[in-house]
Each structure stands twice: as structure tokens, then as C-alpha cells.
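Just passing along the structure, written as C-alpha cells.
The values are calculated or read from the model by the stated rules, or taken from the named source; none is laboratory data. Quantities reported herein were computed from a predicted structural model and do not represent experimental measurements. All Cβ positions, glycine included, derive from the backbone under ideal geometry; neighbour counts span all protein chains shown. For the accessible areas, the whole protein counts, side chains as well, though only heavy atoms, and no ligand, DNA or RNA atoms are used. Shrake-Rupley method; radii C 1.70, N 1.55, O 1.52, S 1.80 Å.
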Amino acid sequence: MSNKIWLMEGLSSQRDIIQGMKSFAGKMRTDITVYASHRNERNEILSVADFSLAEPKDAEMRLPFILSTVAEWDINAIHTGRNCLWFENHRKEIEESGVSLTTGASGPQWLEMADDKVTFAQVMEENHLPAVPSLRINSIEELQHSLSHSPFEGQQLCVKPVTGIYGMGFWRFDDNASSMDVFNYPEKRIVHPGQYIEALAGTPAFTSLVLMPYLPGPEYSVDILADKGEVLAAVARRKEGALQHLENSGEAFELACACARAMKVDGLVNVQTRNNNSGRPVLLETNMRPSGGIGYTQHSGVNLPGLFAFHKLGLMSKTEVIEMAKNDFVPATVRSVTDVIGYSTHLTNRLN
């Protein structure tokens, strides 16, 4: 076994994942080789890997690029954080090259379901797991009717696109909001319903929305390592203002793990919950990829990227991963701060 793992283009946490794998290998005194690739010049990510590659921008060239790279460098495992549906649809060809593939899912149907927030909520309810009540809105007229005849009586309403990441397009409706609040305090994500409707009317095409009751919280973001639906390790981040409290137990934690099992997730994923008006957690969504804050979880003593790499490379069994995650966990509180890193304008680890 050559212990080579390749992290293909991911989202904001790709650098943290690479560093987590490398630090864990040092702790375990075991050599692994980390390859990293990206379509764009992301030297701050690629520079921390042992070797880096430039991915083709043309999707038609992706499969030949993967197969030739696996063959030339004898790669054992591939993890991807983007284009996951494409990878699932080409899993057979990729794994026939002798490499394992991790996309966060056990099949394309799970990626499609997780990407649709209304369908996700419905499927969770069918699995007897509480999810935020979600109503699909397909037109401005439907939204206007729902705002004047609320399906969630007595609760403040909020809206976001049916598909999307990073809270994109999330807005909370407030009849008392001034027309300037959306410009002066965008971080509050509060908008007057009339102003939102007016903005929608000016768009060339309507994109389906999900209407929900606004939940008071707190919100939990649970980072999970799973193997085809079996949860091996997890760390919950309870978000309260600027602080995040790291936990590995409690109702929200258990709900997120139950969701991961129901979704048959595979690899590093993230499940989000938020407490309702009764103080009970309900599911918001599942991200079939590592979260942007997965690096924070290492402050609990549990290195999820490292455990993932060692498990995929056959260096640790499921039982060993479960036991280490349980024994190493220590509760912690973290806060994100502004920082900068040096940007290497020339990569010395580039293979192509």
C-alpha cells in the first residue's frame, strides 16, 4: 500500500482538510502522501499538499485526467468536494482504475435529494426525523398568498432558494423593516415583504423558493465522518453569536447522526439543525461535503480529516476510528478571527 490520497477541487475547507491529514499522519508517525488539485490558481490550498495538480476546466477532459493521474502516480483514494453528481455518475469508470472514490454520498439519488431542501425535509419526516416545516413556492403569486395567509401561524417567516449553499439567498421577513435595512444591515438578513416581492418582480425568471418558519435556535453544525451510512466520528458545533461550542452528545448531535444514517452519507459531510420554539432541534439541511468550519473541530481533539484519510487508506479500522474519536474528544469553545497567510506565487510541488 502506497498510502496516497488525492483531494480534488473542494470548497472553502480544502486547505484545512489537507493540513488536518498531514498533522494526523505526523501524530500517528505514519507516512501518507497527499495530492491536491484545483481548476483555479489556488496556491494557498495547493501549496500545503505534498504534490499539486491543475485540473482541466473542461468537464469533458475530467475523466481522462483522473484516469491518467491515478495510473501515473498510483493513487489509492480520491475525495472530491465539488461536481459530486458528475463523480457519482462516473463512479464505475473511476473505481475500475483501482482507486476508491468518496463524494459524500452512496449514490447520485442522495445528492439530488439533499440539494432540494423541500424534498429533504419531506424525506426526513418520512423517516420520523423532525425537520423544519418547508413549503415550496413556485411563483410570486404563491409567495404573496402565503405571506398574507401564513401556513405557519404565529411564527415569523423566512425564505431561501430551494437549492444553494452557504446560506445564499436566505432572508427573514419583517413587516417593520425599513426599506434601507437591507442595505444598511445586510448581515441581519431581514427584509420587508413588500420590498422582497418588488425585487422578485424585477427578475427575468422565478427560481423556486422554500418558505419556512424562522426558528429561534441555537443552530448546530455537525461535522460527520461516515462509511456508507455508518457514523464513525462526529463533532457538533453549537453556534451562539461569535462563539462555537464543540460537543459530541445531546439531542441535536444525535438527530444529526440519525440523519446521516438515513441519508447513507459516505465520507466527510455536515448536517445542520436549529432549535424550534419548543427548544427541540429540527433538521435544516445536509451538506454532502465537508463544511467550511470542519477545521474548527480539531480543537476538540478529534481530527476528522485525519481519521477519514487513515480509514480510506486502510490504516485504521472502523472500530479504531470510533474508539479514537470517542477517547480523544474534549469539549472546547472556539471563535473565528480574521487572519492572513502568505501566498506562494510559485508552486514547488506542481506535477503538471
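If you take the residues of the stretch 55-74 that are under 9 Å from S97 (Cβ atoms) and more than 25 Å from the chain's Cα centre (by Cα), which of them is surrounded by the most Cβ atoms within 10 Å (Cβ to Cβ)? Give the derivation first.
Filtering the stretch 55-74 for residues under 9 Å from S97 (Cβ atoms) gives 66-67, 70-71.
Subset that is more than 25 Å from the chain's Cα centre (by Cα): 67, 70-71.
Numbers: L67: 16, V70: 19, A71: 12.
So, considering only residues that are under 9 Å from S97 (Cβ atoms) and more than 25 Å from the chain's Cα centre (by Cα), the one surrounded by the most Cβ atoms within 10 Å (Cβ to Cβ) is V70.
Please enumerate the residues belonging to the stretch 75-97 that are open to solvent by 40 Å² or more (accessible area, probe 1.4 Å) and either within 21 Å of the chain's Cα centre (by Cα) or not basic (K, R) (or both).
Selection gives R82, N83, L85, W86, N89, H90, R91, E93, E95, E96, S97.
Sticking with this structure for a sec: Would you be able to tell me the number of residues in the stretch 132-150 that are among the small types (G, A, S) and outside any loop (DSSP other than H, G, I, E, B)?
As a first pass, look at the stretch 132-150 and keep what is among the small types (G, A, S): 134, 139, 146, 148, 150.
Still in the list and also outside any loop (DSSP other than H, G, I, E, B): 146, 148.
Looking only at that region, the number is 2.
Right, another one. Out of everything in the stretch 124-140 that is of a type in the set (V, I, T) and crowded, with 18+ Cβ neighbours inside 10 Å, what residue ends up being farthest from V269 (Cα to Cα)? Give the steps one after another, and end with the answer.
Within the stretch 124-140, the first condition is being of a type in the set (V, I, T), and the residues that meet it are 132, 137, 140.
With the extra rule that they be crowded, with 18+ Cβ neighbours inside 10 Å, the set shrinks to 132, 137.
Working: V132: 19, I137: 28 Å.
So the residue we want is I137.
If you don't mind, there's one more thing I want to ask. Taking the stretch 31-51 as the search range and keeping residues that are open to solvent by less than 40 Å² (accessible area, probe 1.4 Å) and polar (S, T, N, Q), which one is nearest to H79 (Cα to Cα)?
Filtering the stretch 31-51 for residues that are open to solvent by less than 40 Å² (accessible area, probe 1.4 Å) and polar (S, T, N, Q), the one nearest to H79 (Cα to Cα) comes out as S37.
Any residue in the stretch 289-318 that is among the hydroxyl-bearing types (S, T, Y) sitting within a Cβ distance under 8 Å of a residue that is in a helix (DSSP H, G or I) and open to solvent by less than 10 Å² (accessible area, probe 1.4 Å)? List the pairs, counting only those 6 or more apart or interchain.
Cβ pairs passing all conditions: T297/L304.
Residues that are of a type outside the set (A, V, I, L, M, F, W, C) and on the phi > 0 side of the Ramachandran plot: does the stretch 53-71 have at least one? Don't jump to the end; show me each part of the working.
Restricting attention to the stretch 53-71, the residues satisfying the condition of being of a type outside the set (A, V, I, L, M, F, W, C) are 55-58, 60, 62, 64, 68-69.
Going one step further and asking which of them are on the phi > 0 side of the Ramachandran plot, we end up with none.
There is no residue in the stretch 53-71 that is of a type outside the set (A, V, I, L, M, F, W, C) and on the phi > 0 side of the Ramachandran plot.
Here's a follow-up. Kindly indicate the residue of the stretch 41-54 that is charged (D, E, K, R) and not in a helix (DSSP H, G or I) and also farthest from the chain's Cα centre (by Cα) among those meeting that condition.
Restricting to residues being charged (D, E, K, R) and not in a helix (DSSP H, G or I), the top hit is D50.
Of the conditions (1) in contact with a helix residue (DSSP H, G or I) (Cβ under 8 Å, 6 or more places away or on another chain); (2) over 21 Å from A71 (Cβ atoms); (3) of a type outside the set (F, W, Y), V34 fails just one. Which one is it?
(2)
Of these, L111, L129, which one is in a loop (DSSP other than H, G, I, E, B), at pLDDT 95 or above and of a type in the set (A, V, I, L, M)? Full working, then the answer.
Numbers: L111 fails: in a loop (DSSP other than H, G, I, E, B).
Result: L129 is the single residue among L111, L129 that is in a loop (DSSP other than H, G, I, E, B), at pLDDT 95 or above and of a type in the set (A, V, I, L, M).
I would also like to ask the following. Consider D31 carefully, then state whether it is assigned to a loop (DSSP other than H, G, I, E, B) and not aliphatic (A, V, I, L, M).
Here the answer is yes, as D31 does meet what is asked.
Given the conditions (1) in a loop (DSSP other than H, G, I, E, B); (2) open to solvent by less than 50 Å² (accessible area, probe 1.4 Å), and given that T207 satisfies all but one, which numbered condition is not satisfied?
Every condition holds for T207 apart from (2).
Can you tell me which residues in the stretch 3-30 are out of contact with any Ser or Thr (no Cβ under 8 Å at 6 or more places or on another chain) and farther than 15 Å from F51 by Cα?
L11, S12, D16, G20, S23, F24, A25, G26, K27, M28, R29, T30, listed by residue number.
Same structure again: If we keep just the residues of the stretch 227-279 that are on the phi > 0 side of the Ramachandran plot and in contact (Cβ under 8 Å) with a residue 60 or more places away in the chain, which is surrounded by the fewest Cβ atoms within 10 Å (Cβ to Cβ)?
Across the stretch 227-279, the extreme among qualifying residues is K228.
Filter the stretch 330-345 down to the residues that are in contact (Cβ under 8 Å) with a residue 24 or more places away in the chain and closer than 28 Å to D50 by Cα and list them by number.
Keep residues of the stretch 330-345 that are in contact (Cβ under 8 Å) with a residue 24 or more places away in the chain, which gives 330-336, 341, 343-345.
Selection gives S336, I341, Y343, S344, T345.
Can you tell me which of V282, V302 is in contact with a strand residue (DSSP E or B) (Cβ under 7 Å, 6 or more places away or on another chain), β-branched (V, I, T) and in a loop (DSSP other than H, G, I, E, B)?
Answer to the check: V302.
Sticking with this structure for a sec: Could you tell me which of the residues P151, P161, P216, P186 is surrounded by fewer than 16 Cβ atoms within 10 Å (Cβ to Cβ), more than 21 Å from E112 (Cβ to Cβ), modelled with pLDDT of 90 or more and in contact with a Leu (Cβ under 7 Å, 6 or more places away or on another chain)?
Testing whether each residue is surrounded by fewer than 16 Cβ atoms within 10 Å (Cβ to Cβ), more than 21 Å from E112 (Cβ to Cβ), modelled with pLDDT of 90 or more and in contact with a Leu (Cβ under 7 Å, 6 or more places away or on another chain) leaves just P151.
Please find, within the stretch 266-291, the residue that is nearest to L101 (Cα to Cα) out of those that are small (G, A, S) and under 12 Å from the mean Cα position of the chain (by Cα).
G267
Restricting the stretch 2-29 to residues that are of a type in the set (S, T, N, Q) and closer than 18 Å to S100 by Cβ, which is least open to solvent (accessible area, probe 1.4 Å)?
N3
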